[in-house]
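K.L.:
Below: one structure in structure tokens.
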Amino acid sequence: MFSYDELKGTADQRWKDLTQGDMPWIRVGTEMNGHAAGGFQVIDAIRSELGARNIAAYVDEVGTLGLSYAEPIVDVLKPGRRSRLLFRDVLVDDLPEIIDKYIVNDSVPGNKAFAYLGEEPIQGVPDLRTIPQYGMQQRVAMRNAGHIAPADIYQYIANDGYAALNKALFEIGADTVIEEMKASNLRGRGGAGFPTGLKWSFMVNSPGPIKYIACNCEEGDPGAFNDKAILESDPHTLLEGMLLAGFSTGASNGFVFIRHGHDGPIDRTERAIEQAYELGILGKNIMGSDFSFDIEVSLTGDSYVAGEETALMESIEGKRSMPRFKPPFPAAAGIWQKPTTINNVKTLAYAPQIILNGSEWFSGIGTEKSTGTAIACLTGHIAYPGIYEVPMGLTIGQVINTVGGGVPGGKSLKLLQTGGPLGGVLGPDSLDVKIDFDDMAAAGAIFGSGGLIVGNEDTSVVDLIRVLVTFCQYESCGKCFPCRLGMTQLLDIMERIARFEGKPEDLDVCERLGKTMQIGSLCAHGQLGFNPIKSALTHFISEFEEHLNERRDPTGRTSTKFFSPKATRPYSEDFREVQPLEVISSL
Amino acid sequence: MLCFVKNFAIPGARDLTVANEDLRDRIRQAIKRQERPTVTVLSSLLATQDEFGYIPREAIEEIAVYTGASTNDVWGVASFYKNFQFTEPNEHVIEICWGPSCHIMGAPEIIEEAAEVLGIEGEGDSVDGKGTLRYNTCLGACARAPVISIDHQLYGRMTAKKAVEKIKSL
Ligand SMILES: Cc1cc2nc3c(=O)[nH]c(=O)nc-3n(C[C@H](O)[C@H](O)[C@H](O)COP(=O)(O)O)c2cc1C
């Protein structure tokens, strides 16, 4: 068992060795976007190139600075330097030059050098903070992402990690944690924007001793990857957030709920949990207090609806992830009927900073009703796709054009898809809308998970909507029929329209189906399942009408050939052999 | 009114009693090896899928025995989640994302040409036993769209041509 001061002492010493020692420290971006850009091949090659030259160095896999477009980023801090030099788009073949020129000698190779980060300018490259993609960010939940190695708990502790937990346990106590969370006005980042402090307070008086905190990292929204990026970049921030939630609500256990197959986030979270147990930050009598808490990873299969909070609880219990009726609410009867609080990764990742710096500091960021930051994932036709943590209250236009660099290739922006597949689409007139919960809702959109997919002038709305509807239909869990059958009907109609075979009454039928789904579905998947079509009809009705009435596609880009994902049909030969039920009935 | 239901067959139940001890041993070990404290039907299915790349029918019964659930319950879960496969995949598994980010960046062409080079219509196994093609709703690297994954290695900023080259070189 270690006290916080002991841990901090060790961590500070190690951090000094890393940053002021006599070996270079090389960090490589290997979050999923870095992975897809070849980050792991680069880090392997760095190790072997250094080995071949007999150079001793610290080499760490890190998460993301948000600049996914520039991955793999290789970030070198040389001994005696106070600034890091970042290289972008690094290929394995670039490494000999980078190592020989910059690490062995001291000249900056022109080719891939990107920017410096630190107090001391490096000749020939700009300060990373003057590049809007980094400079416009205000990183709170992702403050350590890309800076520290997720696999090293001491790097987290050296950067104020677990200081909030220490403060909560030994200085301010559980009630004040809840008060601070309430005062911060933090609203849940899982989609609905429910006030987090209030949610936590619901569970305080629920009976123990077993109570659960579940962290929702299902993140099935295509176009959103910030939850996974936090787990891959800085999993300890999440663990500390869960510990604060657990401590303040009197919970005993935590689950980190992740989709199977996302190896990066899963492995790094499990490694972080292991280290936390080793140092007595998880388990019994945490840091010498009388608070005990356990956390484990719980994996789910591929199911979008598993992200819905009651379906999530079913999945943790090992069942089909189909939503439950509410009430009872999770705070009264959740996982295995025990009191449960469910929060999104981002929501929990804010908690340590709120407790450490105070609610006033946090509510000073963003707007009055939407405090803090928004973590936007920019993808699609955008110059600089990435994950940008910016203060709430910037306009969508500022985020797209200033941070994201606008639409590339001299094309204009046609549409935006926000908040995941259920969020629907917006037109270019939405660029003035402020990113916060209320303004986005007033514009008929949701910020939701933070995904912002940009489509340029060539994009076919009919085509994109058909894909979104395909997604919603494919992912309907099937529990309630308005969603199960409604989505199927909507998909039929969308496919028909895309093939120029639409019927005149199709759009009316859509409206009616949408209404039924909204009224009759149990969870938001069905309730919002009509949203993609509804929003498209608001902003782009003429494109649908051209498809319908003139049998013409104004964009020339609507695919008429669809591939449909196969529904799982296990052991289909068995189904054929199943004998018909022989029902004998008598009066 | 009285109802009797006769001959009610559970799909897959046909062979459940057939001895296939080697396979069953591997399944049991895979289920037992799970390290996370909470073991459920779903976690056991995922462990089986990790071990074999699919769910052999024997696993349904072994998991039922191990977790105390009925075979029907295990079936129910296995047939629900879309990542579970029920036939052995080929040597290499190629996943292609069809989510909206990847879609507008050109996923449809990649899917079409990948299927063509594998000699299949869509999702499925190539005849030569080399590749299995699967669609994925989101591989998680949307900023590098379009994204594919081959045996868990992600590749971003794909084009149909690059994807076909990668598949051919397997
Ligand atoms: C179909 C559906 C999918 C959802 N998927 C997610 C998800 O992937 N991640 C998430 O945090 N919340 C998701 N939610 C929202 C959750 O139900 C829940 O509101 C959220 O996890 C609460 O966290 P918060 O209070 O921190 O926002 C989903 C909701 C629905 C209806």
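The values are calculated or read from the model by the stated rules, or taken from the named source; none is laboratory data. As the structure is a prediction and not an experimental result, all values here were calculated from the model. In this analysis, Cβ positions are derived from the backbone assuming ideal geometry, glycine residues included, and neighbour counts consider all displayed protein chains.
K.L.:
Restricting to the stretch A:109-151, and then to whatever is over 21 Å from A:Ile99 (Cα atoms) and touching a Pro at 6+ places or on another chain (Cβ under 6 Å), can you tell me which residue is surrounded by the fewest Cβ atoms within 10 Å (Cβ to Cβ)?
P.N.:
Looking at the filtered set, the residue picked out is A:Gln138.
K.L.:
What number of residues in the stretch A:132-150 are polar (S, T, N, Q) and closer than 17 Å to A:Asp75 by Cα?
P.N.:
2
K.L.:
So which of A:Gly478, A:Gly444 is more than 27 Å from A:Val399 (Cα to Cα), outside any helix (DSSP H, G or I) and in contact (Cβ under 8 Å) with a residue 24 or more places away in the chain?
P.N.:
When all the criteria are applied, what remains is A:Gly478.
K.L.:
Hey, could you check the stretch A:156-194 for residues that are in contact with a His (Cβ under 9 Å, 6 or more places away or on another chain) and under 29 Å from A:Gly451 (Cα atoms) and say which is farthest from the ligand (Cβ to nearest atom)?
P.N.:
A:Asn159
K.L.:
Checking the structure you have, find out if any residue of the stretch B:125-138 is surrounded by 19 or more Cβ atoms within 10 Å (Cβ to Cβ), of a type outside the set (Asp, Glu) and over 22 Å from the mean Cα position of the chain (by Cα).
P.N.:
Taking every residue of the stretch B:125-138 in turn, none turns out to be surrounded by 19 or more Cβ atoms within 10 Å (Cβ to Cβ), of a type outside the set (Asp, Glu) and over 22 Å from the mean Cα position of the chain (by Cα).
K.L.:
For A:Ile387, are the conditions met, namely being within 13 Å of the ligand (Cβ to nearest atom), within 30 Å of A:Gly409 (Cα to Cα) and assigned to a strand (DSSP E or B)?
P.N.:
On the way: within 13 Å of the ligand (Cβ to nearest atom): no; within 30 Å of A:Gly409 (Cα to Cα): yes; assigned to a strand (DSSP E or B): yes.
Spelling it out, it is not the case that A:Ile387 is within 13 Å of the ligand (Cβ to nearest atom), within 30 Å of A:Gly409 (Cα to Cα) and assigned to a strand (DSSP E or B).
K.L.:
Also, I was wondering about something else. Criterion first (surrounded by 20 or more Cβ atoms within 10 Å (Cβ to Cβ), of a type outside the set (A, V, I, L, M) and either at the interface with chain A (Cβ under 10 Å from one of its Cβ atoms) or touching a strand residue (DSSP E or B) at 6+ places or on another chain (Cβ under 9 Å) (or both)) does B:Pro100 satisfy it?
P.N.:
Numbers: surrounded by 20 or more Cβ atoms within 10 Å (Cβ to Cβ): yes; of a type outside the set (A, V, I, L, M): yes; either at the interface with chain A (Cβ under 10 Å from one of its Cβ atoms) or touching a strand residue (DSSP E or B) at 6+ places or on another chain (Cβ under 9 Å) (or both): yes.
Answer is yes for this residue.
K.L.:
Checking the conditions here, which among A:Val62, A:Val92, A:Val42, A:Val74 is surrounded by fewer than 21 Cβ atoms within 10 Å (Cβ to Cβ), touching a helix residue (DSSP H, G or I) at 6+ places or on another chain (Cβ under 8 Å) and among the β-branched types (Val, Ile, Thr)?
P.N.:
A:Val92
K.L.:
Yes or no: the stretch A:374-382 includes at least one residue that is within 16 Å of the ligand (Cβ to nearest atom), away from chain B (no Cβ under 14 Å) and farther than 12 Å from A:Ala141 by Cβ.
P.N.:
No, that holds for no residue.
K.L.:
While we're on this one: Six or more apart or on different chains, Cβ under 7 Å: which pairs go from a residue in the stretch A:276-298 that's on the phi < 0 side of the Ramachandran plot and among the polar types (S, T, N, Q) to one that's outside any strand (DSSP E or B) and surrounded by 18 or more Cβ atoms within 10 Å (Cβ to Cβ)? Could you list them?
P.N.:
A:Ser289/A:Leu169; A:Ser292/A:Ile286; A:Ser298/A:Ile316
K.L.:
Based on what the data block shows, is B:Ala59 part of a helix (DSSP H, G or I), more than 8 Å from chain A (Cβ to nearest Cβ) and crowded, with 21+ Cβ neighbours inside 10 Å? Before you say what the answer is, go through the steps one by one.
P.N.:
On the way: part of a helix (DSSP H, G or I): yes; more than 8 Å from chain A (Cβ to nearest Cβ): yes; crowded, with 21+ Cβ neighbours inside 10 Å: yes.
In short, yes.
K.L.:
Suppose we filter the stretch A:332-356 for residues that are away from the ligand (no atom under 16 Å from the Cβ), within 14 Å of chain B (Cβ to nearest Cβ) and in a helix (DSSP H, G or I); how many remain?
P.N.:
Qualifying residue count for the region: 1.
K.L.:
State which residue is surrounded by the fewest Cβ atoms within 10 Å (Cβ to Cβ) when the search covers only the stretch A:466-493 and only residues that are within 30 Å of B:Val77 (Cα to Cα) and among the aliphatic types (A, V, I, L, M).
P.N.:
That would be A:Leu485.
K.L.:
While we're on this one: Before we move on, is A:Ile446 away from chain B (no Cβ under 11 Å), within 19 Å of A:Gly514 (Cβ to Cβ) and either crowded, with 23+ Cβ neighbours inside 10 Å or under 20 Å from the mean Cα position of the chain (by Cα) (or both)?
P.N.:
So A:Ile446 passes the test.
K.L.:
Just checking, how many residues over the stretch A:133-155 are more than 18 Å from A:Glu278 (Cβ to Cβ), among the polar types (S, T, N, Q) and outside any loop (DSSP other than H, G, I, E, B)?
P.N.:
1
This table checks each residue for (1) within 16 Å of the ligand (Cβ to nearest atom); (2) assigned to a helix (DSSP H, G or I); (3) of a type in the set (Ser, Thr, Tyr); (4) under 26 Å from A:Arg466 (Cα atoms).
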{"site": "A:Gly393", "(1), (2), (3), (4)": "no, no, no, no"}
{"site": "A:Ile400", "(1), (2), (3), (4)": "no, yes, no, yes"}
{"site": "A:Lys411", "(1), (2), (3), (4)": "no, no, no, yes"}
{"site": "A:Leu422", "(1), (2), (3), (4)": "yes, yes, no, yes"}
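K.L.:
Is it the case that A:Val433 is within 14 Å of chain B (Cβ to nearest Cβ) and away from the ligand (no atom under 15 Å from the Cβ)?
P.N.:
No; evaluated as a whole, the condition is false for this residue.
K.L.:
Only one residue in A:Glu309, A:Glu314 is under 22 Å from A:Gly191 (Cβ atoms), within 12 Å of the ligand (Cβ to nearest atom) and acidic (Asp, Glu). Which one?
P.N.:
Details: A:Glu314 fails: within 12 Å of the ligand (Cβ to nearest atom).
Just one listed residue meets the conditions, A:Glu309.
K.L.:
While we're here: How about the stretch A:196-313: which helices (runs of 4 or more DSSP H) wholly inside it have at least 3 residues that are within 14 Å of chain B (Cβ to nearest Cβ) and surrounded by 22 or more Cβ atoms within 10 Å (Cβ to Cβ)? Lay out the reasoning, then the answer.
P.N.:
Details: elements: A:196-204, A:226-233, A:235-249, A:263-278.
Here the list reads A:226-233, A:263-278.
K.L.:
Could you tell me whether the stretch B:63-80 includes any residue that is more than 8 Å from every other protein chain (Cβ to nearest Cβ), surrounded by 19 or more Cβ atoms within 10 Å (Cβ to Cβ), free of Cβ contacts under 8 Å to residues at least 24 places away in the same chain and of a type outside the set (Val, Ile, Thr)?
P.N.:
Looking through the stretch B:63-80, at least one residue is more than 8 Å from every other protein chain (Cβ to nearest Cβ), surrounded by 19 or more Cβ atoms within 10 Å (Cβ to Cβ), free of Cβ contacts under 8 Å to residues at least 24 places away in the same chain and of a type outside the set (Val, Ile, Thr).
K.L.:
Say we look at the stretch A:195-205 and pick out the residues that are in contact with a helix residue (DSSP H, G or I) (Cβ under 8 Å, 6 or more places away or on another chain) and touching a residue at least 60 places away in the same chain (Cβ under 8 Å); which of these is farthest from the ligand (Cβ to nearest atom)?
P.N.:
Ranking the candidates gives A:Met203 first.
K.L.:
So is A:Asn185 surrounded by fewer than 24 Cβ atoms within 10 Å (Cβ to Cβ) and either modelled with pLDDT under 95 or of a type in the set (S, T, N, Q) (or both) or not?
P.N.:
yes
K.L.:
Does the stretch B:140-170 hold any residues that are more than 8 Å from every other protein chain (Cβ to nearest Cβ) and β-branched (Val, Ile, Thr), and which are they?
P.N.:
B:Ile148, B:Ile150, B:Thr159, B:Val164, B:Ile167
K.L.:
Do we find a residue being within 12 Å of chain A (Cβ to nearest Cβ) and surrounded by 22 or more Cβ atoms within 10 Å (Cβ to Cβ) anywhere in the stretch B:85-95?
P.N.:
Taking every residue of the stretch B:85-95 in turn, none turns out to be within 12 Å of chain A (Cβ to nearest Cβ) and surrounded by 22 or more Cβ atoms within 10 Å (Cβ to Cβ).
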